[in-house]
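Working notes, structure below.
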Amino acid sequence: MLAEDQHLVRGALLALIELEPDMQVVAQTDRGDAIVDTARRARPDVAVLDIDLPGTDGLSAAAQLHEEHPEVRVLILTGLGQPGHLRRALDSGVGGFMRKNAPSEELADAIRRVAGGQRFLDARLVAEVLQTDSDPLTQREREVLRVAADGAATEDIAATLFLSPATVRNYLSNAMTKLGARNRIDAIRIAREAGWL
């Protein structure tokens with residue numbers, strides 16, 4: 001199964017996969033929020049997911065897919081190479097993580113390995129992860145920043161997450177302090193660039 005919102009890229013991936021005699025694309029989607037339903041209907045062995053998708057990002061969808069259909073193995077393809085994305089992917093039960101600019105012959109190898117229950121990880125990205133500080137944010141601080149990233153006011157964030165406005169302000173303040181950010185917008189930028197959101 002393929003999940004990629006750029007039609008040209010998805011077409012190229014489809015063509016590469018269909019060249020392999022032991023592989024067939026059984027489903028495609030261009031939205032992250034359609035991944036779980038598409039996998040439920042198509043029952044793929046492997047889901048090849050982009051990170052940056054409309055609706056739901058590929059990593060969040062991978063976590064949901066792992067929870068609801070653990071038999072579907074996931075390979076993340078990304079143009080973004082942030083170490084935080086690799087950490088989130090591994091925490092989400094993803095079997096493989098590779099950059100879109102990898103040599104095309106690696107795609108089939110990665111799919112085969114992931115289908116066989118092995119890991120396939122971009123070696124350069126793994127080296128960067130080992131040299132990078134880990135995510136200092138708590139799960140709740142990340143949730144507050146995600147909702148804030150949509151432009152929500154403190155009261156709206158509180159209502160969405162069933163928190164009090166004072167608690168939301170505390171989470172935002174803690175996140176800004178931990179990230180050395182000037183304000184919530186800066187905290188969101190820093191966390192996104194690190195791949196923590």
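Taking the options Ala34, Ala39, name whichever one is crowded, with 24+ Cβ neighbours inside 10 Å, at pLDDT 95 or above and hydrophobic (A, V, I, L, M, F, W, C).
Details: Ala34 fails: crowded, with 24+ Cβ neighbours inside 10 Å.
Among Ala34, Ala39, only Ala39 is crowded, with 24+ Cβ neighbours inside 10 Å, at pLDDT 95 or above and hydrophobic (A, V, I, L, M, F, W, C).
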(message) Being open to solvent by less than 50 Å² (accessible area, probe 1.4 Å) and of a type in the set (Ser, Thr, Tyr) is true for just one of Ser92, Ser104. Which residue is that?
(response) Ser92
(message) I'd like to check something: does region 71-81 contain any residue that is open to solvent by 10 Å² or more (accessible area, probe 1.4 Å) and in a helix (DSSP H, G or I)?
(response) no
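Table: residues versus (1) out of contact with any strand residue (DSSP E or B) (no Cβ under 8 Å at 6 or more places or on another chain); (2) in contact (Cβ under 8 Å) with a residue 12 or more places away in the chain; (3) outside any helix (DSSP H, G or I); (4) crowded, with 20+ Cβ neighbours inside 10 Å.
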position: Leu137; (1), (2), (3), (4): yes, yes, yes, yes
position: Gly151; (1), (2), (3), (4): yes, no, yes, no
position: Ile157; (1), (2), (3), (4): yes, yes, no, yes
position: Thr160; (1), (2), (3), (4): yes, yes, no, no
position: Tyr171; (1), (2), (3), (4): yes, yes, no, yes
position: Ala191; (1), (2), (3), (4): yes, yes, no, yes
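For (1) more than 19 Å from the chain's Cα centre (by Cα); (2) at pLDDT 95 or above; (3) open to solvent by less than 30 Å² (accessible area, probe 1.4 Å), each residue gets a yes or a no:
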residue	(1), (2), (3)
Asp30	no, yes, no
Asp52	no, no, no
His66	no, no, no
Met98	no, no, yes
(message) Testing Gly116 on (1) open to solvent by 20 Å² or more (accessible area, probe 1.4 Å); (2) touching a helix residue (DSSP H, G or I) at 6+ places or on another chain (Cβ under 7 Å), one condition comes back false. Which one is that?
(response) (2)
(request) Scan region 45-70 for residues that are part of a helix (DSSP H, G or I) and under 13 Å from Met1 (Cβ atoms) and report the count. (result) 4
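It is to be established whether one or more residues within region 11-20 are outside any helix (DSSP H, G or I) and either open to solvent by less than 60 Å² (accessible area, probe 1.4 Å) or basic (Lys, Arg) (or both). Outline the logic, then answer.
Here is the first cut: in region 11-20, the ones outside any helix (DSSP H, G or I) are 19-20.
Now restrict to residues that are either open to solvent by less than 60 Å² (accessible area, probe 1.4 Å) or basic (Lys, Arg) (or both): 20.
Checked region 11-20: at least one residue is outside any helix (DSSP H, G or I) and either open to solvent by less than 60 Å² (accessible area, probe 1.4 Å) or basic (Lys, Arg) (or both).
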(request) Assess whether Leu197 counts as being touching a helix residue (DSSP H, G or I) at 6+ places or on another chain (Cβ under 8 Å), in a loop (DSSP other than H, G, I, E, B), of a type outside the set (Lys, Arg) and open to solvent by 20 Å² or more (accessible area, probe 1.4 Å). (result) yes
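The values are calculated or read from the model by the stated rules, or taken from the named source; none is laboratory data. If you're wondering where the values come from, they're calculated on a predicted model, not measured in any experiment. Backbone-built Cβ (ideal geometry, glycine too); neighbour counts: all protein chains shown. The protein model used for the area step is the full one, side chains on, heavy atoms only, and it has no ligands, DNA or RNA in it. Shrake-Rupley method; radii C 1.70, N 1.55, O 1.52, S 1.80 Å.
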